[in-house]
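What follows draws every value from the coordinates through simple rules; no lab data is involved. Everything quoted here is computed from the prediction, not taken from an experiment. Every residue, glycine as well, gets a Cβ built from its backbone with ideal geometry; the counts of neighbours run over all protein chains shown.
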Amino acid sequence: MDRPFKIVITDFGLPGEELEEAELRAAGLSYELVRLSWQPGDDLAPHVHDADALMVGWAQIQRPLFASLNICRVISRYGIGVDMIDLEAATEYGIPVSNVPDYCIDEVSTHTLAFVLALNRRLVLHHTHVAAGKWAGAPGGIPSRLNTQTLGVLGLGKIGRAVARKAAGVGLSVIAHDPYLSPEQVQAAGPEPVSLDALLARADYVCIHCPLTAETRHLIGAVHLARMKPSAYLINMARGPIVDQAALYQALATNVIAGAALDVLEQEPPAPDDPLLSLPNVLLSPHSSSLSAESLEQLRRDAARNVARVLRGEPPHAIVNPDVLKRGKS
């Protein structure tokens, strides 16, 4: 190759490319690294038609764009989920899609447990109560002991399994549902295997850790929320559209369930007039559960390593569409 590889970072929230460049240099590549600031509605085609590799945060890499990816050899996702990339189109065009599957497992599982503890102990309600100059008569009702309660884990991948381990460590009983695992596999990971309906009916806290796919979009809607205990809480740590947010608002506003803790929303950031923001029984964080200094360094280095390996003629460490290796670049 008589020119440097062109590697395009479509979008990434933190400034600087030092970690990515360190990995590319260590691989011995001659490269040009270009950073874009993609926003919804932006046309990426003019900026990526001559890219050898894309590094993607949240940019939508959908089928119409693939016709412009004339020489692209790899799409590397900054993260675990790849719902923003059309995997079927990527495979048809012979482009491997890589991710960082062991990124932020400790962080998201810890954040999940923090939500459980905050909900159980009514921490936000009590803080607001005291900050308003009150003391006696703390709101939220009297909590139950954790060792009398049950956590239901929906999706038992690496993060779900870490949540199950940590939850058991603070005394919670743990049940889990994952349609892609046998009951024996779920049980081997620690939780009691149950159906989705049983999980919703039994759990005091239902935490979501499954990917966003066509099958899981609005997986939890009004019918499923009605199957939960009136005293139960929904915790979404995966992707906002897995939960029908309009149905969730109604369930919370009418006390069908006791509350929710959400790190993700259907629209991010939410509109200022989103009715969910006005509810006292909702605890929110800004899709930040994955964050730590260590997780961000790992993410940036591993995403760049996946690019470097492909550009050197090797498979990435993690590939989401392995069938592409049988096809080659079309």
Q: Counting only DSSP beta bridges with both residues in the chain, tell me the antiparallel percent, nearest 5.
A: 5
Q.
Can you give me the long-range amide H partners of Ser76? Hydrogens built in the peptide plane at 1.01 Å from N, cutoff under 5 Å, separation of 5 or more residues or another chain.
A. Leu54, Met55, Val56, Ser98
(Q) Looking at the chain as a GNM with Cα springs under 10 Å, which of Ala67, Ala303, Ala238 has the largest mean-square fluctuation? (A) Ala67
Q.
Could you work out [θ]222 nm for the chain from helices alone, using -39500 (n - 2.57) per DSSP H run of at least four and dividing by all its residues? Round to the nearest 500 deg cm²/dmol.
A. -9500 deg cm²/dmol
**Q.** Longest site-free stretch - the chain; sites: chymotrypsin sites (Phe, Trp or Tyr not before Pro), DSSP loop, at most 16 other Cβ within 10 Å
**A.** 181-330
Q. Spin-label point model (7 Å from Cα, Cβ direction): what's the Ala136 to Ala26 distance in nm?
A. 6.2
Q: Output the relative contact order of the range 105-284, whole-number percent, from Cα pairs under 8 angstrom with separation of 6+ residues.
A: 18
Q: Give the distance, in whole Å, between the Cα centre of the range 113-152 and the Cα centre of the range 186-222.
A: 24
Q | Under 5 Å, built H, 5+ apart or other chain: amide partners of Ile235 | A | Val206, Cys207, Ile208, Ala261
Q. Sequence-distant or interchain residues sharing an amide H contact under 5 Å with Arg35, placed H: which?
A. Ile9
Q: Under 25 Å between C-alpha atoms is the cut-off here; go through the chain and count lysine pairs that meet it, provided they're at least eight residues apart or on different chains.
A: 4
Q. If you plug each phi of the range 129-138 into the Karplus form 6.51 cos²θ - 1.76 cosθ + 1.60 with θ = phi - 60°, what whole-Hz ³J(HN,Hα) values come out, in order, with x for Gly and Pro?
A. 4, 5, 5, 7, x, 9, 9, 5, x, 4
Q: Could you please rank Met84, Met228, placing first whichever residue has the fewest other Cβ atoms within 10 Å of its Cβ?
A: Met84, Met228
Q | Spin-label pair Arg312/Gln250, simplified geometry with 7 Å Cα→Cβ offset, distance in nm | A | 5.5
Q: Could you please rank Cys207, Cys72, placing first whichever residue has the fewest other Cβ atoms within 10 Å of its Cβ?
A: Cys72, Cys207
Q.
Please report Rg (one decimal) and Dmax (integer) in Å for the Cα set of the chain.
A. 21.8, 75
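Mind checking the alpha-carbon convex hull of the range 111-224 and giving the volume per residue in Å³?
125
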